[in-house]
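For reference, the structure discussed in these notes is given below.
The values are calculated or read from the model by the stated rules, or taken from the named source; none is laboratory data. Everything numeric in this text was worked out from a predicted model, so none of it was measured. In this analysis, Cβ positions are derived from the backbone assuming ideal geometry, glycine residues included, and neighbour counts consider all displayed protein chains. Protein only, heavy atoms only, side chains kept; ligands, DNA and RNA dropped before computing areas. Shrake-Rupley method; radii C 1.70, N 1.55, O 1.52, S 1.80 Å.
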Amino acid sequence: MLPLKTRLGYSVGSFVTGAFGTVPGLLLLPYLTDTMAVPGAIAGAIVLVPKAWDVLFNPVAGRISDARLAKSGSRAKFLLFGGIGVAVLFAALFAHPGFGRTWLDAGYVVAVFFLCATAFAFFQVPFNALPAELTPGYEERTRLNSWRIGVLALAILVSGGGAPAIVEIFGGVPGYRAMGVAVGVIILAGALGVYFSIRTAPVAKVRQPTTSWRELLTTMREWRAFRWLLGVYFVQSLGIGTLLAGVSYLARHVLGDPGLQTFLFAGFVGPALLVMPLCMALGRRWGKVTGLRIFTAIFAVALLGLLLARVLPTPVFFVFVALAGIGYAGIQVFPLAILPDLITAEEERTGATRAGVAAGVWTAGETLGLALGPSLFGLILQLGGYVSSVDAAAAQPESAITAVLLGFSLLPAILVAIALPLLRKSILEPGR
C-alpha cells in the first residue's frame, strides 16, 4: 500500500490539471467575445488552435518523459518546471495587453496560450503516467486515482467557482487580470506540492521506453483496449468542454444573473466531492466499466433535464445541476482508474515502458476534446447570432439565447451518451 504522503502528494497535482483544464474552458471564450469583441466562431478557433498543437506535442512529451525515466528513474523535474511554466503563463494569458486592436489582442492570446499549453504538456503527461508506476496493484491504483479525483473535484470547485467570482467582483478587464494571478498562484502551489511529495517515491519497475514514431504508431494500432478507452474519454471530454464553455453565457443570458456563475459551478462540482467513496465502492463491487456506464447515464439524463432551464423553478434546476455533478464525478474517476490497468497489462505483454507514451496520447485526446468543446460552443453562438462586445453589454437576440441553452445541455448530453456503446468489459477490464 502506498504511504499517505505519496497518495496525498500525488493528488495535490490535481490543482494544476484542474485549474488549467477548467478555467480556460470556462472563461476564455467570454474573455474573448466580451472584452475584446472577438466574434464567437473566431474566439472558438482561438481556444482550439494552441491546444491542437498540444495534441501533436503531447506524445512527444511522453517519449521525452519516458526517456528521462529510463535514464534517471524519475519524472519529477518535468512536474516542477512544467508546473511553474503553466502558472506564470496562465497569469499572462488573462493579462489583456490592451493594444486597442482586436486582431492584436487576439494574437497575444493565441501566442501566450500556445506557450502555456506546451508547458502544461510537460506537467500533465508525467502526472498521468505516475499511477501505473507508483503501484502495480489494481485496487491501490483505484484508491490512488480516487484520491486524485477527489482533490481534482476540490481544485475545480475552488478555481472554477472562484474564478468567475473574482471577475465579477473586479469587473471586466481588471477582473480577468486579478483572476489570472489568483489561479496562477493555485497552479504554482499544486506543482510545488506534487514535486516535493513524490520526487523520492520509488518507481515499481522501469522498462525501456518506446524509441521511435513507428514503434509508437505500432503500439497504438495493436493496443485495442487503449484506443477504445481513449475514444470514450475523448467524446466525453468534448461534451464536458462544451458544457463548461456555456456556464458564463447561461448565467447571464438564460438565467439573467451573472452572479449565478459561481453557484452553477459549485452546484455542478460540489456533489462530486460527496460521491467519491461511492465511486470506489462501485468499482470494487461491480467493476470500473459498469461504474462508468452508470455515471454516464446519470450525467446524460441530468443534462437533458437542464434543457428546461427557462421554465424550471430555480431549486429544481439546481437539482439537475447537482445530478449532473454526480455523473461528472464518475466519468472522471473510472476512465482514469481503468487507464493504469491497461498500461500495466500492455507493459507486461511487451516488456517495454508504455506509461509515458500512453499518457501523452491520452492527454492529447483529452486536450483535443476540451479544446473542441469551447470551439463548438463558439460556433453555436455564431450560428445563433450572438453579438460580441468589449463590455458584455450587448443585447442578444432570442436565437442567441436558444443557442446558449442547446449548447449547454442538449449537445453535451448527446456527446456523453455516444460513449456508451464503447464501454465493453471484455475489452476494457483485462484480467478481470
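Of the solvent-accessible surface of the chain, computed with a 1.4 Å probe and all protein chains present, 69% belongs to carbon and sulfur.
Would you mind classifying region 303-414 by shape? Square roots of the alpha carbon gyration tensor eigenvalues, ordered a ≥ b ≥ c; an a/c under 1.5 is rounded, otherwise it is prolate if a/b is larger than b/c and oblate if not. Here region 303-414 falls in the oblate category. Per residue, the accessible area of the chain comes to 36 Å² when a 1.4 Å probe rolls over the protein heavy atoms. Label sites at V49 and R227, each approximated as a point 7 angstrom past Cα along Cα to Cβ, lie 3.2 nm apart.
Backbone geometry of region 367-376 corresponds, through the Karplus equation with coefficients 6.51, -1.76 and 1.60 at θ = phi - 60°, to 3J(HN,Hα) couplings of 4, 4, x, 5, 7, 5, x, x, 5, 5 Hz, x marking Gly and Pro.
Helical content of the chain, expressed as a calculated mean residue ellipticity at 222 nm, amounts to -27000 deg cm²/dmol (DSSP H runs of 4 or more residues, -39,500 (n - 2.57) each, divided by residue number, nearest 500).
For T262, the solvent-accessible surface with a 1.4 Å probe is about 40 Å², rounded to the nearest 10. The heavy atoms of R143 present about 60 square angstrom of accessible area, all protein chains included, probe 1.4 Å. Residues D34, D257 ordered from highest to lowest accessible area at a 1.4 Å probe: D257, D34. Computed 3J(HN,Hα) for region 250-265, one whole-Hz value per residue from the Karplus formula 6.51 cos²θ - 1.76 cosθ + 1.60 where θ = phi - 60°, is 4, 4, 7, 10, 9, 8, x, 8, x, x, 6, 4, 5, 5, 4, 5, glycine and proline marked x.
Taking the average, over residues, of other Cβ atoms within 10 Å as the packing measure, peptides 295-306, 364-375 rank 364-375, 295-306 from highest down. Close Lys pairs in the chain, defined as Cα atoms under 26 Å apart and 8 or more places apart or on different chains, number 9. Relative to the current alpha-carbon distance between A392 and K425, full extension at 0.36 nm per residue lengthens the span by 7.1 nm. Kirkwood hydrodynamic radius computed over the chain comes to 21.4 Å, based on all pairs of distinct alpha carbons.
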